[in-house]
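Take a look at the structure below.
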Amino acid sequence: MSNHHPNVQRVADALQAAGSTGEIVILDDAVPTAAAAAAELGCEVGAIANSLIFDGDGAPVLILTSGAHRVDTAKVAAELGISKLRRATPEFVKEHTGQSIGGVAPVGHPHPVPTYVDTALEQYDVIWAAAGIPHSVFPTTYAELLKLTNGTPTTVN
């Protein structure tokens with residue numbers, strides 16, 4: 001594992017610390033979109049957990065959403081009691097996760113980020129999430145994602 005990108009190593013360390021058994025997979029090509037990842041992995045696009053960082057009144061909010069969904073930012077902001085939930089800039093994402101858009105993992109950030117997990121992911125036995133860079137992924141489950149991220153189940157759309 002030591003030959004991996006530092007972001008991937010941080011994700012691997014976080015998974016191991018949490019007792020996760022999912023092995024990180026390094027793909028030949030970057031899969032910056034849920035559709036690309038699903039095609040590469042041979043699974044439904046809905047089984048891809050997109051890690052989307054939003055700017056919630058200046059604080060980072062991580063929403064793990066099914067690749068089959070778009071986040072209804074007004075609805076989620078209202079549920080969270082935030083005045084506005086905006087898609088974060090690449091700089092904001094990097095600052096709060098240490099990772100770049102397209103490869104943001106649910107874990108392995110410098111500091112915990114409040115996380116909300118799309119309840120639509122619950123229907124899949126195996127969920128794939130990014131592992132710190134755009135061509136790395138790891139398999140997990142809905143229950144494990146909630147545990148790994150200390151996440152709150154949320155209807156995002």
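Which ranges mark the helices (runs of 4 or more DSSP H) fully within the range 68-154 that have 2 or more residues being open to solvent by 30 Å² or more (accessible area, probe 1.4 Å) and over 20 Å from residue 18 (Cα atoms)? Full working, then the answer.
Values: elements: 73-80, 90-97, 142-149.
Filter on the range 68-154 gives 73-80, 90-97.
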Selection status of residue 29, assigned to a helix (DSSP H, G or I), among the charged types (D, E, K, R) and open to solvent by 70 Å² or more (accessible area, probe 1.4 Å) = no
Tell me, please, whether a residue that is assigned to a strand (DSSP E or B), small (Gly, Ala, Ser) and within 20 Å of residue 146 (Cα to Cα) can be found in the range 39-56.
-> yes
Search result, residues across the range 115-135 that are touching a strand residue (DSSP E or B) at 6+ places or on another chain (Cβ under 6 Å), farther than 20 Å from residue 93 by Cβ and not hydrophobic (A, V, I, L, M, F, W, C) = 119
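Within the group 39, 49, 18, which residue is open to solvent by 20 Å² or more (accessible area, probe 1.4 Å), closer than 22 Å to residue 114 by Cα and among the hydrophobic types (A, V, I, L, M, F, W, C)? If you could, list the steps in order and put the result at the bottom.
Working: 39 fails: closer than 22 Å to residue 114 by Cα; 49 fails: open to solvent by 20 Å² or more (accessible area, probe 1.4 Å).
Among 39, 49, 18, only 18 is open to solvent by 20 Å² or more (accessible area, probe 1.4 Å), closer than 22 Å to residue 114 by Cα and among the hydrophobic types (A, V, I, L, M, F, W, C).
Yes/no per residue for (1) touching a strand residue (DSSP E or B) at 6+ places or on another chain (Cβ under 6 Å); (2) among the aliphatic types (A, V, I, L, M); (3) under 23 Å from residue 35 (Cβ atoms):
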| position | (1), (2), (3) |
| --- | --- |
| 57 | no, no, no |
| 74 | no, yes, no |
| 113 | yes, yes, no |
| 137 | yes, yes, yes |
| 142 | no, no, yes |
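Residue 62: open to solvent by less than 50 Å² (accessible area, probe 1.4 Å), in a helix (DSSP H, G or I) and touching a helix residue (DSSP H, G or I) at 6+ places or on another chain (Cβ under 9 Å), yes or no? Give the steps one after another, and end with the answer.
On the way: open to solvent by less than 50 Å² (accessible area, probe 1.4 Å): yes; in a helix (DSSP H, G or I): no; touching a helix residue (DSSP H, G or I) at 6+ places or on another chain (Cβ under 9 Å): yes.
No; evaluated as a whole, the condition is false for this residue.
Going through the range 49-78 one residue at a time, which ones are hydroxyl-bearing (Ser, Thr, Tyr) and within 10 Å of the chain's Cα centre (by Cα)? So that I can check it myself, show each step before the final result.
At the first step, the residues of the range 49-78 found to be hydroxyl-bearing (Ser, Thr, Tyr) are 51, 65-66, 73.
51, 65, 66, listed by residue number.
The values are calculated or read from the model by the stated rules, or taken from the named source; none is laboratory data. Remember, it's a predicted structure, so these values are computed and weren't measured experimentally. For neighbour counting, all protein chains shown are included, and Cβ atoms are generated from backbone atoms with ideal geometry for every residue, glycine included. Only protein heavy atoms, including side chains, enter the accessible area calculation; ligands, DNA and RNA are left aside. Shrake-Rupley method; radii C 1.70, N 1.55, O 1.52, S 1.80 Å.
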